[in-house]
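Worksheet for the structure shown next.
The values are calculated or read from the model by the stated rules, or taken from the named source; none is laboratory data. Small disclaimer: the values here were computed from a predicted structure and weren't measured. Cβ sites come from the backbone with ideal geometry, for glycine too, and all protein chains shown count toward neighbours. Side chains are part of the model used for accessible areas, which takes the heavy atoms of the whole protein and leaves out ligands, DNA and RNA. Shrake-Rupley method; radii C 1.70, N 1.55, O 1.52, S 1.80 Å.
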Amino acid sequence: MKINYTWKHLDRSEAAENYANEKLERVTKFVQKIISCEVSFESIHGLIHSNLKLNADGTHFNAHNEDKDIYVCVDGLEDKILSQVGKHHDKKSKH
């Protein structure tokens, strides 16, 4: 899965990108076709705001999280997006 990263007011961290790649790889078991995936990190007043936009199977999914630690932000994004994608997968499989 190809993920586009955007960093605002933060230095780019390859370790954080690799961590996000590992965590978000779990999304692929719920969707067949991922069109785009964008993750943005922005520092505002000492907090890191993270946003995830996923376009898969003709549906848009969005998740937002904020914390002082970037890895906690990624974990929160993973939890939120897996919840959304899992609900979509269950709804789609019932038909």
**OP:** Could you list all residues from the range 38-69 that are within 22 Å of Ser93 (Cβ to Cβ), assigned to a strand (DSSP E or B) and touching a residue at least 24 places away in the same chain (Cβ under 8 Å)?
**Re:** Leu54, Ala56, Thr59, Phe61
**OP:** Please specify each residue of the range 37-69 satisfying the condition of being surrounded by fewer than 17 Cβ atoms within 10 Å (Cβ to Cβ) and of a type in the set (Val, Ile, Thr).
**Re:** Ile44, Thr59
Original post:
Within the range 25-36, can you find the residues that are open to solvent by 60 Å² or more (accessible area, probe 1.4 Å) and in contact (Cβ under 8 Å) with a residue 40 or more places away in the chain?
Top reply: Arg26
Original post:
Is there a residue in the range 10-19 that is out of contact with any Asp or Glu (no Cβ under 6 Å at 6 or more places or on another chain), part of a helix (DSSP H, G or I) and open to solvent by less than 50 Å² (accessible area, probe 1.4 Å)?
Top reply: yes
Subject >> Positions within the range 1-45 being at negative phi, out of contact with any strand residue (DSSP E or B) (no Cβ under 9 Å at 6 or more places or on another chain) and of a type outside the set (Phe, Trp, Tyr), in sequence order >> reply: Asp11, Glu14, Ala15, Asn18, Asn21, Glu22, Lys23, Glu25, Arg26, Lys29
Original post:
How many of the residues in the range 1-38 are more than 21 Å from Lys87 (Cβ to Cβ) and of a type in the set (A, V, I, L, M, F, W, C)?
Top reply: 6
Original post:
Taking Glu22, is it in a helix (DSSP H, G or I) and open to solvent by 50 Å² or more (accessible area, probe 1.4 Å)?
Top reply: yes
Original post:
Looking at (1) among the β-branched types (Val, Ile, Thr); (2) surrounded by 13 or more Cβ atoms within 10 Å (Cβ to Cβ); (3) touching a residue at least 24 places away in the same chain (Cβ under 8 Å), can you tell me which one Val72 breaks?
Top reply: (3)
**OP:** Please enumerate the residues belonging to the range 25-34 that are assigned to a loop (DSSP other than H, G, I, E, B) and of a type in the set (Lys, Arg).
**Re:** Lys33
